[in-house]
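Here the structure is laid out as structure tokens; the discussion comes afterwards.
FYI, it's all coordinate maths here, none of it is from the lab. Only a predicted model underlies this, so the values are computations on that prediction, with no experimental measurement involved. For neighbour counting, all protein chains shown are included, and Cβ atoms are generated from backbone atoms with ideal geometry for every residue, glycine included.
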Amino acid sequence: MTETEWPACTDPTPMLDFLRGKASERKLRLYGAACCRAVWDILTDGRARAAVEALEVYVDQPSFSDADWRFVNGEARAAFSAAKTPACQNANSPRTAACAAAYAVVRLCAEDAAAAAIGACYQTVNAVARSRPTEPGFFRSAWEPTYRSRAELLRDQIGNPFCPVAINPNWLTWNDCTVRRIAQVIYDQRAFDRMPILADALEDAGCDNADILDHCRSEGPHVRGCWLVDLLLGKE
């Protein structure tokens with residue numbers, strides 16, 4: 001993976017391989033969670049959704065206990081077991097799609113964060129591909145654009161690993177910490193529609209970095225773990 005290849009890559013697999021040992025476990029698990037949220041309409045089992053939500057809490061809570069972690073794993077596996085039926089085997093159907101989505105959550109909770117990210121990505125792409133069996137050729141046609149969307153999610157979370165962006169500490173203290181407070185609301189509430197507001201606040205605070213301002217004002221995608229929001233909040 002090179003700096004030229006990174007922004008053009010349409011398959012997140014080599015991107016994730018490149019990030020092994022470079023990206024934090026938190027980032028990798030949040031990437032897997034973002035993949036699962038991308039198929040929220042397919043991931044209909046409440047236990048699987050709860051597992052994703054709990055894991056998102058876990059990555060920011062060092063006090064998350066082993067018992068809590070076992071519960072998250074148990075909920076994910078229970079949802080997968082409930083979805084897995086003989087009819088799911090080698091079939092394209094909404095049931096099979098739900099099974100793949102539930103298995104994505106199981107992979108998300110895997111021990112190794114890098115493997116979890118790759119597994120969650122693949123299984124959610126698989127879920128999308130199997131979700132509309134009545135459309136001829138949908139299985140094959142869904143793979144490429146869905147993989148491309150997963151690569152875009154990863155770029156939102158990582159940014160450009162070959163050219164990290166630095167922030168001016170003065171931006172964070174400007175006007176009673178307005179920039180940081182907006183970033184915190186965006187993070188806590190998933191209020192990514194407020195990213196343009198964050199751009200305005202950053203400009204008012206003195207930011208003229210085109211990469212930062214363009215990212216805020218882009219249509220996205222923006223997800224939990226967005227590189228800029230994380231940077232403003234001091235998260236790795």
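Tabulated data
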quantity	calculated
Formal net charge of residues neighbouring T146 (Cβ-Cβ distance under 13 Å; K, R +1; D, E -1)	+2
Computed magnitude of the charge dipole of the range 169-233 (debye, nearest 20; Cβ of K, R +1, Cβ of D, E -1)	300 debye
For the chain, with +1 on Lys and Arg beta carbons and -1 on Asp and Glu, the positive-most of F80, N168, A54 along the dipole	F80
Simple Cβ-charge dipole of the chain, Lys/Arg +1 and Asp/Glu -1, about Cα centre, in debye nearest 20	1000 debye
Sites R148 and I197, calculated FRET efficiency, Cβ-Cβ separation with R0 25 Å, nearest 0.05	0.35
Cβ-placed point charges (K, R +1; D, E -1), dipole of the range 195-236 about Cα centre in debye, nearest 20	220 debye
Added length on full extension, which subtracts the Cα-Cα distance from 0.36 nm per residue, R217 to V185	9.8 nm
Where labels lie 7 Å past Cα in the beta-carbon direction, separation of K22 and R70 in nm	3.8 nm
Using alpha-carbon coordinates, inclination of helix 94-108 to the longest axis of the chain, degrees	50 degrees
Label of the coordinate-derived value, Cα Rg over 2.2 N^0.38 Å, listed as [x] 1.06; [y] 0.91; [z] 0.95	[x]
Relative contact order for the chain, counting Cα pairs under 8 Å that sit 6 or more residues apart, in percent	22 percent
Among M1, L228, C207 the positive-end extreme of the charge dipole of the chain (Cβ point charges)	M1
14 Å beta-carbon shell around P14, net charge (K/R +1, D/E -1)	+1
Gain in span if fully extended, T4 to N209, counting 0.36 nm per residue against the direct Cα distance	71.7 nm
Theoretical gain in end-to-end length, C163 to S81 [0.36 nm per residue, Cα-Cα removed]	25.2 nm
